[in-house]
């Protein structure tokens with residue numbers, strides 16, 4: 001069965017790949033509102049992870065994905081992260097988040113920056129941590145040209161039921177550890193999905 005996607009940018013379910021969708025406006029994979037979005041996972045792929053401040057969740061996702069890419073020996077994927085706000089521009093990852101990641105053997109590196117409209121062109125996939133981040137990203141795309149690139153990372157969880165990555169900033173140690181576990185699951189699921197989509201297309 002040919003792979004199709006839902007025209008609704010809030011959905012983009014894979015039809016015929018174990019997903020169902022109630023939307024009626026389906027288009028073949030490779031076309032979205034007349035734009036070509038065919039996907040070749042063997043080509044260089046650029047991922048951007050986005051949260052609010054870019055010091056907790058999104059840098060964790062970026063560095064977790066880089067860790068998984070090294071494990072899978074995939075060198076054609078580049079990762080970056082950003083925040084929808086300007087609160088922490090230039091700051092390193094939160095030390096509590098870094099400590100939780102280190103327990104999994106992952107070192108968090110990077111400096112916070114703010115998401116820009118130019119990122120729509122620079123990246124192949126933009127992965128939001130929660131619903132607010134998702135909406136804030138799409139507000140910078142009023143014409144809907146890049147909606148097919150924007151997804152919520154928890155859509156790709158294989159074991160966790162969460163629909164959003166909780167912000168651990170005001171919580172305790174367990175909250176940071178949970179975010180790392182959740183993102184390990186979601187990032188691994190996203191890589192699996194990319195490979196499946198590449199084969200199907």
**OP:** Binning at 10 Å from 0, report for region 42-200 what percent of all alpha-carbon pair distances ends up in each bin.
**Re:** 11, 44, 37, 8, 0
**OP:** Would you kindly compute the Cα radius of gyration of region 58-113 and its largest Cα-Cα separation (Dmax), both in Å?
**Re:** 11.8, 35
**OP:** May I ask you to derive the relative contact order of region 42-200, considering only C-alpha pairs under 8 Å and at least 6 residues apart, and to give it as an integer percent?
**Re:** 26
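Read the figures in this text as sums done on the coordinates, not as results from a lab. These numbers come from a predicted model, not from an experiment.
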